[in-house]
Amino acid sequence: MDRQRPVILGYDAVSPLGVEMETQWDRASHGASGIGPLTRFPLRERFPVRMAGQVPEIVADDYPFLASRDMALWTSPVFKHALLVVHRALKKSGIEVTNDISHRVGITFSSAIGGLDAVIRADRLLVSEGKLPHPFTNPNSCINMVGGKISIMTGATGPITSTITACATGSTSMIIGAMLIAQGMADMVICGAVDFPLIEPILGGFATMNGAYRPREGQPEEPPEKASRPFSINRRGFIVSEGAGCIIIAGEDFAQAHGLIPRLEMAGWAMTSDAHHFVAPNPETVRRCIAQSIVHSGLQPGDIDAVNAHGTSTKIGDRIEGDALKDVFGSGVPPVSANKSQTGHAMGASSAIEIILAMEGMIHDTLLPTINYLPDPDIAIDCVPEGARAVAQEHVLKNAFGFGGCNSCIVLRRIA
């Protein structure tokens, strides 16, 4: 085993499928959807977005630290959900960040949207009542404060950075974490991402840029659970959702020194920039990112057993991802799971949540389905439409592509 390839020590997530990993996996493997009516704020009569993927409420009594007086100041939901998944992932990893290792524990956990809700709430109060913002307004909106709060909670004092690459933020956090380990700057890294973007102007903005789902002109709105349909001929845009995912990675030597036997590792990765368009992906750099991640893993395309797609349900994005897969794999494109069909698009957190679902699938020898799928003849790939499929997976490719042309691809390997 290459000791520069980080191993996975533990992970945890919250998503529209649930707040406990067991619940999320059970619902995902049974083809359930986490999409429902949007209830995060009162809907105006003509507001164009009316459905979303919402994370169920956390029972605070189960996690007393989330109900502390200090946490009452951190009003943006990104903080309590980030701290929750980090707390649980560390517990599952079997590692406690003690004084003797804290300086070798890094943090790349980040967010694409951050706590913008705090600024918008303060702005509306200032306009309507003339009240100045609460002293914690700016800290709540500061994206790197998510990692800062994680550092405070865990005691980790190694390298810390915010890896903001829009929708690819979660995957990028793992790649930057792997680089820190490879460079000898950290032995263990707390990776992941959180986003809670169900905020009126953000959702309205996604609608006006024709990204968020809208029903066809003159047609009634469809049931929420049917609206997210990556790679389908009748796809109508993404369903905005929320969530958080944490992945703890470490060097193999560190894992062995602590008596841990990991089951998964990061076998390879790549990042590219499109230099093309602010939202439309560049076919060449998307294809190159996929291909380079496989080369970096020391594998051939034929060694990849499955693909966990970016798959947002946009017309151009899904087509370019499908074309890139065909360019790299030829006639042998592996089965493709698009988790956003079940969870919606949680912005920067989406790739963290999806890579966790992919790892669960590797451990359970199960490929999750792409629900609501209706074949598109221009994207001839196997999207596992029939429901969860029993497939042993040694190597899985995870794709993540973000606004601004930020591409991050990771190859996972099962090692135990």
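So here's what we get for this one:
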quantity: Hits in the stretch 1-40 (condition: aliphatic (A, V, I, L, M), within 19 Å of residue 229 (Cβ to Cβ) and in a strand (DSSP E or B)); calculated: 35
quantity: Residues located in the stretch 274-311, provided they are crowded, with 23+ Cβ neighbours inside 10 Å and touching a helix residue (DSSP H, G or I) at 6+ places or on another chain (Cβ under 7 Å); calculated: 281, 286, 290, 294, 304, 307, 308, 309, 310, 311
quantity: Residue check for residue 360: of a type in the set (D, E, K, R), surrounded by fewer than 22 Cβ atoms within 10 Å (Cβ to Cβ), within 30 Å of residue 14 (Cβ to Cβ) and not assigned by TED's automatic domain parsing to the domain that holds residue 32; calculated: yes
quantity: Options 153, 185: the member that is over 20 Å from the mean Cα position of the chain (by Cα), farther than 30 Å from residue 41 by Cβ and either at pLDDT 95 or above or not aliphatic (A, V, I, L, M) (or both); calculated: 185
quantity: Filter result for residue 41 (modelled with pLDDT of 95 or more and over 28 Å from residue 370 (Cα atoms)); calculated: yes
quantity: Filter result for residue 82 (under 18 Å from residue 162 (Cα atoms) and not in a helix (DSSP H, G or I)); calculated: no
quantity: Failed item, numbered, when residue 228 is tested on (1) among the polar types (S, T, N, Q); (2) out of contact with any Ser or Thr (no Cβ under 6 Å at 6 or more places or on another chain); (3) more than 30 Å from residue 90 (Cα to Cα); calculated: (2)
quantity: Of all residues making up the stretch 47-72, the number that are within 26 Å of residue 160 (Cβ to Cβ) and modelled with pLDDT of 95 or more; calculated: 1
quantity: Cross-chain or 6+ apart pairs with Cβ under 7 Å, the stretch 119-132 first and in the same structural domain as residue 196 (by TED's automatic domain parsing), then of a type in the set (Val, Ile, Thr) and outside any loop (DSSP other than H, G, I, E, B); calculated: 119/137; 122/137
quantity: Selection count, the stretch 156-182, where residues are surrounded by fewer than 20 Cβ atoms within 10 Å (Cβ to Cβ), polar (S, T, N, Q) and either more than 22 Å from the chain's Cα centre (by Cα) or in a helix (DSSP H, G or I) (or both); calculated: 1
quantity: Subset of the stretch 326-352 that is of a type outside the set (Phe, Trp, Tyr), part of a helix (DSSP H, G or I) and over 20 Å from the mean Cα position of the chain (by Cα) - its residue that is farthest from residue 391 (Cα to Cα); calculated: 327
quantity: Conditions (1) buried (at least 24 other Cβ atoms within 10 Å of the Cβ); (2) within 23 Å of residue 23 (Cα to Cα): number failed by residue 400; calculated: (2)
quantity: Residue that is farthest from residue 357 (Cα to Cα), among those in the stretch 245-262 that are touching a helix residue (DSSP H, G or I) at 6+ places or on another chain (Cβ under 6 Å) and either among the hydroxyl-bearing types (Ser, Thr, Tyr) or outside any strand (DSSP E or B) (or both); calculated: 251
quantity: From 69, 104, residue being of a type in the set (Lys, Arg), in contact (Cβ under 8 Å) with a residue 60 or more places away in the chain and more than 15 Å from residue 148 (Cβ to Cβ); calculated: 104
quantity: Residue match in the stretch 66-78 (condition: touching a strand residue (DSSP E or B) at 6+ places or on another chain (Cβ under 9 Å), crowded, with 18+ Cβ neighbours inside 10 Å, of a type in the set (A, V, I, L, M) and assigned by TED's automatic domain parsing to the domain that holds residue 23); calculated: yes
quantity: Matching residues in the stretch 109-150 - criterion: being farther than 24 Å from residue 249 by Cα, surrounded by fewer than 23 Cβ atoms within 10 Å (Cβ to Cβ) and polar (S, T, N, Q); calculated: 128, 137, 138, 141
quantity: Members of the stretch 219-264 found to be of a type in the set (S, T, N, Q) and either under 18 Å from residue 106 (Cα atoms) or surrounded by 20 or more Cβ atoms within 10 Å (Cβ to Cβ) (or both), listed by number; calculated: 228, 232, 241
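The values are calculated or read from the model by the stated rules, or taken from the named source; none is laboratory data. As the structure is a prediction and not an experimental result, all values here were calculated from the model. Every residue, glycine among them, receives a Cβ derived from its backbone with ideal geometry; neighbour counts consider all protein chains shown.
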